[in-house]
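Working notes, structure below.
Read the figures in this text as sums done on the coordinates, not as results from a lab. These numbers were taken from a predicted model, which means no experiment stands behind them. When we count neighbours, we look across all protein chains shown, and the Cβ atoms used for this are built from the backbone with ideal geometry, even at glycine.
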Amino acid sequence: MTHDSNATLAARARAVMPGGVSHDLRFRAPHPIYFARAKGAEKWDVEGKRYIDFKLGAASQILGHAHPEVAEAVSRQMFEMPYTGDCHPLEIEWAEWLCRLFPSAERVRFTGSGTESTMLALRLGRAQSGRDKVLRIDGHFHGWHDLLLKGSKPGANTPPSLGIPQAIADLTVVAPPDVEAIAGILAEDPRIGTVFVEVSGANYGSVPLPDGFLPAIRALTEDMGHVLVFDEVITGLRWSPGGRQARDGVVPDLTTLAKIVTGGLPGGAVVGKAEIMELLSPANQRDGLAPPVSHKGTFNAAPMVAAGAVKAMEILSTGEVQAHADEMAARLRDGFNKVFARHGIGALAYGDSSTCHLYFGGTSIEGLDAATIRRTPPVLVKGLRDALLDRGVDFMSFTSCVTGLPHTPDLIDEAVAIFDDAIAALIRDG
Ligand code: PLP
């Protein structure tokens, strides 16, 4: 364990890592916080300060940090056979779990991350449809690669990054979450063959989808012959053991997965209809070597990950963990809303499943678009996040939380009391 302060580590980090971070969203001024230990729903930074954690590994650790059964399964596998780059029995067991849990899963292909899953799903969508363009919903996030980054920043029709060729961006069509509007766009542009939806709604549900959107987009894409991809990287095994598709009974052609589905370890998966997924099979080529759709990846289904994932599937398949996490999120939302009411603030804590999001533009988000909901005053948001971090509460992002197995009513109530104190201080300081 290091005994350096966060500020000292940040100075070292900045000398060797751009911004001192490994992910855009880990950047923080004046410096990030560097963590040294995590257990359950708590974590400690290098200075020994404790935080109640509502980030839970970017929503991947629904079982909590260092869950003993997952940790044991992974460490046993590390000694037995961490990774050889070969086929192994655990990947079959893991794929069988996914086929049992997810209604759309007739076949499974493991990947290296959620981003890789959406890349592969789009390649499959293009191969199946024979059409190059993809339609995606404004504000939804599908990873950081070139192909789907345009539209991830709500209300912007250009990719939020330099380095993405215009020719690639031109293949991505951004639409509002409005099935009638989407029907019009699809009818007008015969080059669109694939439709992507983040099934929580944008930003893991901070902009929920309109009621009835998923069945309607399913019916539309089926009628018009488009490949429908549900991005369940966040919702898979969180909204229910079989994701949102199992909870709502709407089955896409392909589903992208990562985070919880990999036991909170690095990796991902694409699952879907056999007819499309079999394009990945080299056995479908006469020489049995190159498949119609190519996909590789050194660490796909690595045994050390598969061991943790299979253990996580066993624990999460009953739905009890999800029910507990949902209850804790409801308690958190209720607590935050009471704080807003007590301080006379026109704001709202809301969210589906085990999420909690904050909106500071009023007490309802009904009918608001993604750009409006996400347009929280930046000064207020940064102030709140800093005030919470100072007091030992970490959110998943500036205004969003997720809950999991290790959150207890006591931890939730402690976090709500800290939130109350942070809001009171922000009001006091103007
Ligand atoms: N899709 C969604 C809905 C996500 O939330 C994320 C990451 O947060 C991704 C895809 C990308 O996953 P990864 O970070 O594993 O590349």
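When His324, His226 are ordered from fewest to most other Cβ atoms inside 10 Å of their Cβ, what list results? Present the calculation step by step, with values, prior to reporting the outcome.
Values: His324 18, His226 23.
Ordered by Cβ neighbours within 10 Å, fewest first: His324, His226.
Hey, what did the range 68-316 get for relative contact order, percent, Cα under 8 Å, at least 6 apart? Each step should come with its number before you reach the end.
Numbers: 507 pairs, mean separation 74.3, N = 249.
Value for the range 68-316: 30 percent.
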- line: Per the beta carbon screen (other Cys under 4.7 Å), unpartnered cysteines of the chain come out as Cys87, Cys99
- request: Please grab the % of Cα pairs in the chain that end up more than 39 Å from each other.
  value: 19 percent
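Please order Thr363, Thr111 by the number of other Cβ within 10 Å, starting at the fewest. Could you put the intermediate results ahead of the total?
Values: Thr363 14, Thr111 25.
Lowest to highest Cβ neighbour count: Thr363, Thr111.
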task: Specify the residue with the greatest mean-square fluctuation among Ala312, Ala175, Ala121, computed from a Gaussian network of the chain linking alpha-carbon atoms under 10 Å apart.
output: Ala175
- prompt: Cα-based count: Lys pairs in the chain below 24 Å, eight or more positions apart or different chains?
  reply: 26
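State the extension gain, in nm to one decimal, for the chain segment bounded by Asp410 and Glu320, taking 0.36 nm per residue of separation less the distance between their alpha-carbons. Intermediate results must be reported in sequence, preceding the final value.
Working: separation 90, 0.36 × 90 = 32.40 nm, distance 1.91 nm.
Full extension from Asp410 to Glu320 adds 30.5 nm.
State to the nearest 20 debye the size of the charge dipole of the chain about its Cα centre, where the only charges are +1 on K and R beta carbons and -1 on D and E beta carbons. It would help to have the intermediate numbers written out before the result.
Numbers: 41 positive and 51 negative charges, 199 e Å.
Computed about the Cα centre, the dipole is about 960 debye.
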- line: Ranked on Cβ counts within 10 Å of their own Cβ, fewest leading, Arg333, Arg12 go Arg12, Arg333
Over the chain: helical MRE at 222 nm, DSSP H runs n ≥ 4 each giving -39500 (n - 2.57), nearest 500: -12000 deg cm²/dmol
- prompt: Rg to Rh for the range 2-125: what is it, with Cα atoms only and Rh by Kirkwood?
  reply: 1.04
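Only Cα pairs under 8 Å and at least 6 apart count here; give the relative contact order of the chain as a rounded whole percent. Kindly include the intermediate steps, with their values, before the conclusion.
Values: 835 pairs, mean separation 85.8, N = 430.
After rounding, I find 20 percent.
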